[in-house]
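Chemist: Below you will find the structure I want to go over with you.
Since every read-out is calculated from the coordinates, none of them should be taken as a lab result. It should be emphasised that the depicted structure is a prediction, and the values quoted were computed from it without experimental measurement. Here the Cβ is made from the backbone with ideal geometry for all residues, glycine too, and neighbour counts use every protein chain on show.
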Amino acid sequence: MPNDYKPVTACEDFQRATRTSRREILELGALCGLGLGLALPGLLRSQARAGQRSGGFGRAKSVIMLYLHGGHAQQETWDPKPDGPSPARGEFGAIATSVPGVRVSELLPRSAKIMHKLAVIRSMSHDNANHVQAALPAMTGHAHAPGTESRGDFPPLPDDFPAVGAVLDAIRPSSNLPTWVQVGPLMRRNNGTVLHGQSPGFLGGSHNPLVIDQDLQPADVRVDAVSPNAEVPLLRLASRRNLLEQVDDQRRQFDRLAGVQSFDSFQQRALDLLTSTATAQAFDLSAERPELRDRYGRTQFGQCCLLARRLAEAGVPMINVHFCRTPVGSWDTHGQHFKQMKELLCPTFDQAFSALVSDLDERGRLDETLVMANAEFGRTPKVNGSAGRDHWPWVYSLALAGGGTARGVVCGSSDKIAAYPTSRAHDPRDMAATIYHLLGLPDGTIIYDQLKRPHQLVAGQTIDALLA
């Protein structure tokens with residue numbers, strides 16, 4: 001029996017032992033009843049550790065994960081090296097931010113002005129340089145078994161660890177709105193291989209996201225995935241099950257990836273969404289003022305971020321926004337890196353990201369909404385013969401805001417060419433642990449697959465320096 005285990009026989013003793021409120025106890029009890037398991041000793045340890053931290057536990061009611069597929073260069077974003085050796089330092093300088101002593105790339109002028117709202121980590125690190133495989137830990141906190149790297153690109157597996165949205169949908173699903181929304185296309189490589197980490201994995205296809213994959217830029221945009229066919233009255237939808245397939249064809253792809261036939265249960269949820277007033281209001285992007293839509297940028301990514309803000313504000317717990325192969329370009333900049341970063345990628349990201357964080361803050365929603373600019377890795381210190389930067393997982397930078405994170409902090413550091421960490425390195429397992437901590441899920445949380453086998457949700461350690 002663990003030394004820190006103390007038998008607890010009454011709710012009053014339990015509350016005193018864990019220093020949690022009655023409401024927190026009830027919430028944890030409810031989670032256990034929804035398929036989440038947590039042994040008492042582990043629960044006590046997890047709660048004790050959470051109580052020792054400075055804060056943030058359970059502060060995030062929603063998460064908006066912006067995924068920059070391909071991997072953004074740390075040197076041209078959050079960790080510039082203007083005094084480093086050439087050509088590793090790149091073509092751009094660093095600019096001051098709203099936090100004294102903190103500088104970011106000159107390509108992020110808008111983000112520099114809101115640095116006092118951000119938490120940046122410059123010492124993310126792992127050793128898998130494969131896009132397809134590295135996306136799994138980036139989005140779930142769990143990697144494939146050691147030795148898998150040699151396999152290269154291969155399709156997602158039915159027993160992959162589930163994405164954060166699927167976990168939330170399994171243990172505390174939203175009642176009148178989707179729990180998990182994916183804004184943007186299913187991310188694939190040039191060879192067609194689907195990036196891992198986008199599916200519900202071993203939780204099964206009934207926990208797929210609602211996918212929004214369409215042009216969101218028109219002034220009168222209508223989100224097709226939650227818009228019933230105009231020729232079919234809503235009252236007839238219940239008897240026309242085949243029409244529910246219009247919600248999103250990509251959901252069938254997820255079902256095939258998961259190897260689970262669970263479309264029937266999803267159809268009923270789709271019908272609920274189609275007939276929900278709350279859904280219609282949350283997805284009505286055209287209701288936003290033109291000035292605000294301009295503020296985010298009249299780009300696909302900008303409007304995706306604005307829709308994500310609407311969804312978080314309405315109460316959707318998890319929103320993934322995919323910034324991948326769009327007309328703007330790709331973050332996988334093996335060629336013409338500096339040109340792409342300057343003319344397309346950074347300006348698009350900088351405008352949308354800064355608008356999202358500021359808009360949430362002005363609405364009083366940032367403290368309860370975690371915004372994260374995520375990716376599978378960074379880019380090489382060496383500039384290749386095509387004026388590009390290649391894959392580099394050994395050090396990279398991520399940025400977060402809100403949801404219980406600290407404001408105006410920079411955690412970790414890298415060497416003079418942004419090649420390796422010079423302070424404590426953190427891998428994607430730690431980042432996932434931090435996200436779950438902010439969502440209020442203790443370290444010892446257990447989730448169960450479709451065969452009722454237990455799986456430890458958190459594999460890493462919370463990055464305390466990022467917490468408020």
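Chemist: For the stretch 356-468, count all C-alpha to C-alpha pairs, find those more than 17 Å apart, and express that count as a whole percent of the total.
Modeler: When all Cα pairs of the stretch 356-468 are counted, 64 percent exceed 17 Å.
Chemist: How would you rank 114-123, 410-419, 373-382, highest first, on the average number of other Cβ atoms within 10 Å across their residues?
Modeler: Per-residue Cβ counts within 10 Å, averaged per peptide and sorted highest first, yield 373-382, 114-123, 410-419.
Chemist: Over the stretch 90-142, what is the relative contact order in whole percent, taking alpha-carbon pairs under 8 Å and six or more residues apart?
Modeler: Rounded, it is 23 percent for the stretch 90-142.
Chemist: Within 15 Å, Cβ to Cβ, of Ala129, how many net charges do the neighbouring residues add up to if Lys/Arg are +1 and Asp/Glu are -1?
Modeler: Computed value for this residue: -2.
Chemist: I want the local charge near Gln198. Using Cβ-Cβ distances under 11 Å, sum +1 for each Lys or Arg and -1 for each Asp or Glu among the other residues.
Modeler: 0
Chemist: Order of 195-201, 306-312 by packing, highest average Cβ count within 10 Å first?
Modeler: Result, highest mean first: 195-201, 306-312.
Chemist: Of Lys342/Lys416; Lys342/Lys382; Lys117/Lys339; Lys117/Lys416, which pairs sit farther than 24 Å apart, going by alpha carbon to alpha carbon?
Modeler: With Cα atoms farther than 24 Å apart: Lys117/Lys339; Lys117/Lys416.
Chemist: Give me Phe202, Phe353 sorted ascending by neighbouring Cβ count inside 10 Å, so fewest comes first.
Modeler: Final ranking by Cβ density, sparse to dense: Phe202, Phe353.
Chemist: Within the set of other residues whose C-beta is less than 12 Å from the C-beta of Pro290, count the net charge using Lys and Arg as +1 and Asp and Glu as -1.
Modeler: Its environment carries a net charge of 0.
Chemist: Could you sort the peptides 145-154, 336-345, 398-407 by per-residue average Cβ neighbour count (10 Å cutoff), highest mean leading?
Modeler: 398-407, 336-345, 145-154
Chemist: Restricting to Cα pairs below 8 Å that are 6+ residues apart, what does the relative contact order work out to for the stretch 57-160? Please round to a whole percent.
Modeler: Averaging sequence separation for qualifying contacts and normalising by length gives 17 percent for the stretch 57-160.
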